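Here is the structure we will look at, set down as structure tokens.
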């Protein structure tokens, strides 16, 4: 593995891990720029707060020296972890988590744009609620419409209808999918404690909680690793949906990404249900 700009060990502050595999350079640059701006806002009330980014290269990382130099100008230390090959999403994040010695750790997708105040709002929430160990944000799409990525425990029908049916047929399952997506509770205003499952595109942890959980379960190469980690998190802390923390998500589902992603989705679903229990209806 190779590393650049390795930071000193920190006992406070924020660490961030971003795992990439052949990333869209324009979107990755946007994500890193948004992170830099959010760190600036975070430091308005916390001027000495150290921040380190672990950029985990699972393969195909393009030259991004300009983006990393910009992060340095915003006092965000960067470490590139590379040379391990495509080990999967969760295992990639674990390479960063095991190096983290911060107070908080952010698991971040390379297709997320943070609101400028996202991190300051999250830190304020953590400081006001000692019982919270994992924050999930309000998540919008590229048009600014809310994505409902908190989940109740899935059934096989929920996953099939949401992931594989065309829009016309999916409407036949609208009531059960609304329940699965917690649309009766999740909105742009209200804090929701203990949603069963939250999205891995943005998971902000107290690092002590994440270390206690030993990060992601590496049996999942891609998909359902966030479901697994969410359910395990409830055993050791409280999970909270905090809509004052806002991000935009530009990602797509497995079906839109092709047959290889469908196969990975199905393999991970099988592992998930084998571990936590099958629920058909």
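As a proxy for reagent exposure, 203, 264 were ordered by neighbouring Cβ count within 10 angstrom, fewest first; the result is 264, 203.
Counting only the Cα atoms, region 135-281 fills a convex hull of 114 Å³ per residue. Once the Cα atoms are used to define both axes, helix 118-128 deviates from the longest principal axis of the chain by about 90 degrees.
With no solvent and one point on each alpha carbon, what is the Debye value of log10 I(q)/I(0) for region 129-188 at q = 0.14 Å⁻¹? Log-scaled intensity ratios, in q order: -0.48. When the helices in the chain are scored as -39500 (n - 2.57) per DSSP H run of 4 or longer and the sum is shared across all residues, what 222 nm value do you end up with, to the nearest 500 deg cm²/dmol? Using -39500 (n - 2.57) per qualifying helix, the result is -10500 deg cm²/dmol.
Normalised by residue number, the volume inside the convex hull of the Cα atoms of the chain is 124 Å³ per residue. Treating each Cα of region 164-231 as one equal point scatterer and applying the Debye formula with no solvent, the log10 of I(q)/I(0) at q = 0.12 Å⁻¹ comes out as -0.46. In this calculation the C-beta distance from residue 173 to residue 22 is compared with R0 = 41 Å, giving a FRET efficiency of 0.75. Based on the alpha-carbon gyration tensor of region 16-89 and its eigenvalue square roots a ≥ b ≥ c, which shape applies: rounded if a/c is under 1.5, prolate if not and a/b is larger than b/c, or oblate? Prolate, since a/c reaches 1.5 and a/b exceeds b/c. Relative to its Kirkwood radius, the Cα radius of gyration of region 1-146 gives an Rg/Rh of 0.94. With Cα atoms as the point set, region 48-134 shows a radius of gyration and Dmax of 14.4, 41 Å. A crude spin-label estimate for the pair residue 194 and residue 238, with each label 7 Å from Cα along the Cβ direction, gives 0.9 nm.
No lab work stands behind these numbers, since they all come straight from the coordinates. What you are looking at is a predicted structure, and each value in this text was computed from that prediction instead of being measured. A quick note on method: Cβ atoms are made from the backbone with ideal geometry, for glycine too, and the neighbour counts reach across all protein chains shown.
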